[in-house]
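Single-structure report; data block below.
The values are calculated or read from the model by the stated rules, or taken from the named source; none is laboratory data. Remember, it's a predicted structure, so these values are computed and weren't measured experimentally. Methodologically, a virtual Cβ is constructed for each residue, glycine included, from the backbone with ideal geometry; neighbour enumeration extends over all protein chains shown.
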Amino acid sequence: MPHVEIKNLSKNYGKVKALDNVNLEVFDGEHLTLLGPSGCGKTTILRAIAGLLKPDHGEILFDGRSILDLPPEERDIGMVFQHFMVFPFLDVWDNVTYPLRIKGKSEAEIEEIAVRAMELIGILPRINDFPEELSAPELQKVGLARAFSTGSKLLLLDEPMSNLDSKFRMEFQHELRDLIKKLGLTAIHVTHDQWIAMNISDRIAIMRKGRILQVDTPMQLYYAPNSIFTCNFLSNSNFLEGIVEQKEEGRSVVRLRGFGPKIVIPTDRWERRQRLILALRRNEISFSYAKTSEVNILNASIIDEHFLGSRTIFSLRLENGDLIEAESFTKDIPRDLGREITISFRIADVMSFEYPEDLDYELALE
C-alpha cells in the first residue's frame, strides 16, 4: 500500500493561491479526508496527486519516490469523481472493464478482476444495463467498481456522494468505508460535508484558502479544535466574547461582554484580563426554569424557535444581550416566545480561543 507524502506543495492561478505550501502525510491503509469549504484547494490536491495538473512548487512522494514526472496512467491510482464519469454508450460490463483493456489485460484476467470488483460493489446483476437505466447510487457504484478493478492500492475520491440524496448518502458512506478497509486500500477523500468526513475518516485534514489548518482524528478535531474556524466548521457552536476575570488551578473565570454573566472554563492557560472568544455547542446546553446567579447557569429568554422534527432549535437572548442557539430533543420545553428560562452546561464543554485580529474572518465559513 502506498505511503503518500506531500511536501511544500503550491499552485497559483494568477493571483489566487489554490495551494499555499501544503504539507501532508497519508499513511498506508488510511482513509484520510480533505475537508473544507468550496474553493479551499481540496480537489486541487487530488488532481495534483493524480497527475491531472502540475504544481508550481513542491513534491509528491509515493513510498519515498517522487511521482511528479510520471504521467497519470503510470501512477497506479484509482479515481472516483463527483459526477458520474461513465461512458453513456457502454453497458456496465464495458464501463468497468475499460481500464483493464487499456492496460492490455487478457480476457481471462479481465473477467476475473471485473467480476470480483462488481460483486464487491453489488452491481453485478446490472452487468448488461446501460447508464440511462441506472439510478444515481448505481451509477456511482459503476465508477467505484471501475476504480477497484484497476487493482490500484491508492484510491482518490472527489466528492463521490455529493450527487446522492441524503438517504442513499447515509447508506453509501458506510458501504464505501467498509469496502476500502476490506480491500486494504489507502484512500484520500475530498468532501465539504463535515458529517460524511466525521463518519468515515481515520483522520481529517481541515483546509481553508489553500492551506491545511489542522490534521487529526474526527474526535480530536471535534473536541480540541485549534482555531475558531475549525470549531465553527465542525460543530454548531455559539461564540461569545469575554475577559478573563480570575484564574484558579486548572480553570479560569470569564465574564461575558457588557459586564455579563460569568462562565468557568476548563483551563488556566490564559492571562488575567485577556480577551477571549468562548465556544459552546448548542447541543450541549440544558434547559431549566428557576432563575439563578451561579456560574455556567445563565438566565435567558426565548426569542425564536425552529422545529426540525426530532429536535427544536431555540434562539435565546442572554441577560447581557448576547444571542445564542440551543437545541433540545425534549418535548416539554416551553414554546412561548419571551418565556424566561435558565440554561446550563458543563465546564468541560466550554472551548476558549484568543480573540483574533479579525473575528468576522474567523467566523466566516468560506
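Would you confirm whether or not the stretch 26-46 contains a residue that is among the acidic types (Asp, Glu) and free of Cβ contacts under 8 Å to residues at least 60 places away in the same chain? No - not one qualifying residue is present in the stretch 26-46.
The residues of the stretch 219-245 that are touching a residue at least 24 places away in the same chain (Cβ under 8 Å), assigned to a helix (DSSP H, G or I) and of a type in the set (Phe, Trp, Tyr), listed by number, are 222, 229, 233.
Name every residue in the stretch 340-354 that is in a helix (DSSP H, G or I) and among the acidic types (Asp, Glu), in order of residue number.
349
Mind counting the residues in the stretch 145-168 that are aliphatic (A, V, I, L, M), at pLDDT 80 or above, farther than 19 Å from residue 63 by Cα and not in a helix (DSSP H, G or I)? Adding up the residues that qualify gives 1. Residues that are at pLDDT 95 or above and either part of a helix (DSSP H, G or I) or surrounded by fewer than 22 Cβ atoms within 10 Å (Cβ to Cβ) (or both) within the stretch 185-207 comprise 202, 203, listed in sequence order.
Kindly check whether there is at least one residue in the stretch 58-80 that is of a type outside the set (A, V, I, L, M, F, W, C), assigned by TED's automatic domain parsing to the domain that holds residue 101, touching a Leu at 6+ places or on another chain (Cβ under 6 Å) and closer than 30 Å to residue 138 by Cα.
Checking the stretch 58-80: at least one residue is of a type outside the set (A, V, I, L, M, F, W, C), assigned by TED's automatic domain parsing to the domain that holds residue 101, touching a Leu at 6+ places or on another chain (Cβ under 6 Å) and closer than 30 Å to residue 138 by Cα.
Restricting the search to the stretch 91-106, which residues are modelled with pLDDT of 85 or more and not in a helix (DSSP H, G or I)? Listed by number, the residues that qualify are 91, 106.
Residue check: residue 225 meets all listed conditions (1) surrounded by fewer than 22 Cβ atoms within 10 Å (Cβ to Cβ); (2) more than 17 Å from residue 49 (Cβ to Cβ) but one, namely (1).
Where strands (runs of 3 or more DSSP E) fall entirely within the stretch 1-60, those with at least 1 residues that are under 13 Å from residue 190 (Cα atoms) are at 31-35. For the stretch 267-275, does any single residue satisfy the condition of being more than 32 Å from the chain's Cα centre (by Cα) and surrounded by 13 or more Cβ atoms within 10 Å (Cβ to Cβ)? Checked the stretch 267-275: no residue is more than 32 Å from the chain's Cα centre (by Cα) and surrounded by 13 or more Cβ atoms within 10 Å (Cβ to Cβ).
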